[in-house]
Amino acid sequence: MFRNSGGSAHVLPFLAHAIFLAAFLLATVVAPAGAQGKPKVRTITAFIRLDPGQYKQQVTETLTTLRNAKARYGLAGYEVQTIRITTQPFPEYTKGMSKEAAIALFHDLDAIAKQENFSLSIGPALLDEKDDPGQAELLREILGETSNIYGSVVVAGSDGVHWKAIHEAAETIKYLEDHGEKGLGNFRFAAIANVPDYTPFYPASYHRGLGRQFAIALESANVVAGVMAVQRDTEVTRQALISELGKYAYSVEDIASKIDQDTGWTYMGLDLSPAPMKYASIGSALAGFTGGRFGTSGTLTAVGTITSALREISVKKVGYSGVMLPVMEDMRLAQLWGEGAITMDQLLAYSAVCGTGLDTIPLPGDVTTQQLERIIGDVATLSAKLSKPLSARLLPIAGAKPGDMTAFDDPNLINTVIQPLP
């Protein structure tokens, strides 16, 4: 999950910290149920097979298709938040290039993305254990020198856990802690495990297909919140979720199918994950089900109930199609994290019933590569055991200590207090 972000990541002094928490508590009082109504379309993501010899023409053509698709959704009453372009794994098309030539290519693509207001995923540097670790080193430099490009490393798959890739992912996170756009290089990187081709969500998005394909993702935490705000039997809640989410899923898919027929771009599916964004809080939605706060007994059941509902909505699915719990993109989760009321182990436990891993987790700046490897290793091990898509997006902040507050200058990220590592 992501929003384009750019801003500083430093530590606020104690007074600002206290003022922030006071405002934070007031803000979250109004967060519980979220506004009902149509969900937003988080993204329309197009998949292309990038050719370094004609990438400008490819991007221009793709943007025309994406903008037309965005307009069609707008006419149907759906606000489209982002458009994105995803390529095949970049080592496939930089093979044979010098490092300087490859970086120059991505500098140019980054400039185009900034000018044309889209984001670009260049896929995983490493897909399996036999891949060249030098590609992960190249990805670090690319992400450290750009602001609109996203990438990943695959740390588990059908063949099990990729321990060498876990090490490279941890090294990448430590590198990006000190490089990249004002501390946010790691916002554009993820260690991914069993995430299939064609997920529209970033930074995990990639494909190995023919290109000229697209997928859709929703921002539908508000719909879930509206259903779960009413206390009722678990099965009744599940059926209400199927009805409400399904209503919008079928509508979104119908438009996508027409775009497929009219353009020749193949519709790959819909990621049904009810993604939150700031005040449209999945944390508050889940609390509506339990009648307590997020994290109390019943939260796991609530996550499982949403998962079960998603599985029964008969649309063409891609990506995670699970419950996303991005700590710094959800007002309630950010508040609870800052209070020390939720932990990484807790979030991973929810991932066992179709959460999607560890997302936008702020960490102290002195976290070591070995500690990062253990965190990513837990995500990869759970994914391999359950054969389900998970990812880790970890945000260590240079110079920050437990008890400090993050200070990301971005309207879509919620600053919170950094917790000590377990």
For this session: Just name the residue that is nearest to ALA392 (Cα to Cα) out of those in the range 160-194 that are assigned to a helix (DSSP H, G or I) and charged (D, E, K, R).
Result: ARG188
For this session: Identify, by number, the condition in (1) of a type in the set (A, V, I, L, M, F, W, C); (2) part of a helix (DSSP H, G or I); (3) within 20 Å of the chain's Cα centre (by Cα); (4) modelled with pLDDT of 95 or more that ILE242 doesn't meet.
Result: (3)
Exercise. So is VAL195 free of Cβ contacts under 8 Å to residues at least 40 places away in the same chain, crowded, with 21+ Cβ neighbours inside 10 Å and within 18 Å of the chain's Cα centre (by Cα) or not?
Worked result: no
Exercise. Applying the selection to the range 198-221, what residues are polar (S, T, N, Q) and either without any contact (Cβ under 8 Å) to a residue 40 or more places away in the chain or surrounded by fewer than 24 Cβ atoms within 10 Å (Cβ to Cβ) (or both)?
Worked result: GLN213
Exercise. Since PRO402 meets every condition but one in (1) within 29 Å of PRO196 (Cα to Cα); (2) surrounded by fewer than 18 Cβ atoms within 10 Å (Cβ to Cβ), which condition does it not meet?
Worked result: (1)
Exercise. Taking the condition modelled with pLDDT of 95 or more, surrounded by fewer than 23 Cβ atoms within 10 Å (Cβ to Cβ) and small (Gly, Ala, Ser), does ALA352 pass?
Worked result: no
Exercise. Does at least one position in the range 267-288 carry a residue that is part of a helix (DSSP H, G or I), over 15 Å from ALA229 (Cα atoms) and among the aliphatic types (A, V, I, L, M)?
Worked result: no
For this session: Identify all residues within the range 265-285 that are of a type outside the set (A, V, I, L, M) and either modelled with pLDDT of 95 or more or surrounded by 20 or more Cβ atoms within 10 Å (Cβ to Cβ) (or both); write none if there are none.
Result: TRP265, THR266, TYR267, GLY269, ASP271, SER273, PRO274, PRO276, SER281, GLY283, SER284
For this session: Answer yes or no as to whether ILE375 is among the hydrophobic types (A, V, I, L, M, F, W, C), within 15 Å of the chain's Cα centre (by Cα) and either outside any helix (DSSP H, G or I) or under 19 Å from ALA193 (Cα atoms) (or both).
Result: no
For this session: Pull up the range 133-167, narrow it to residues that are polar (S, T, N, Q) and touching a residue at least 60 places away in the same chain (Cβ under 8 Å), then point me to the one that is surrounded by the fewest Cβ atoms within 10 Å (Cβ to Cβ).
Result: SER158
Exercise. Across the range 96-133, what is the total count of residues that are of a type outside the set (A, V, I, L, M, F, W, C), part of a helix (DSSP H, G or I) and under 24 Å from the mean Cα position of the chain (by Cα)?
Worked result: 5
Exercise. Just wondering, is there one or more residues in the range 402-421 that are touching a strand residue (DSSP E or B) at 6+ places or on another chain (Cβ under 6 Å) and assigned to a helix (DSSP H, G or I)?
Worked result: no
Problem set entry | Candidate set from the range 67-95 (those that are part of a strand (DSSP E or B) and of a type in the set (Val, Ile, Thr)); member that is surrounded by the fewest Cβ atoms within 10 Å (Cβ to Cβ) | VAL80
For this session: Could you please tell me which pairs satisfy a Cβ distance under 7 Å, a separation of 6+ or placement on different chains, a first residue in the range 91-111 that is aliphatic (A, V, I, L, M), and a second residue that is surrounded by 12 or more Cβ atoms within 10 Å (Cβ to Cβ) and not in a helix (DSSP H, G or I)?
Result: ILE103/GLU145; LEU105/PRO52; LEU109/LEU120; LEU109/ILE149
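The values are calculated or read from the model by the stated rules, or taken from the named source; none is laboratory data. Given the structure is predicted, the values throughout are model-derived calculations rather than measurements. Cβ atoms come from the backbone with ideal geometry, glycine included; neighbour counts cover every protein chain shown.
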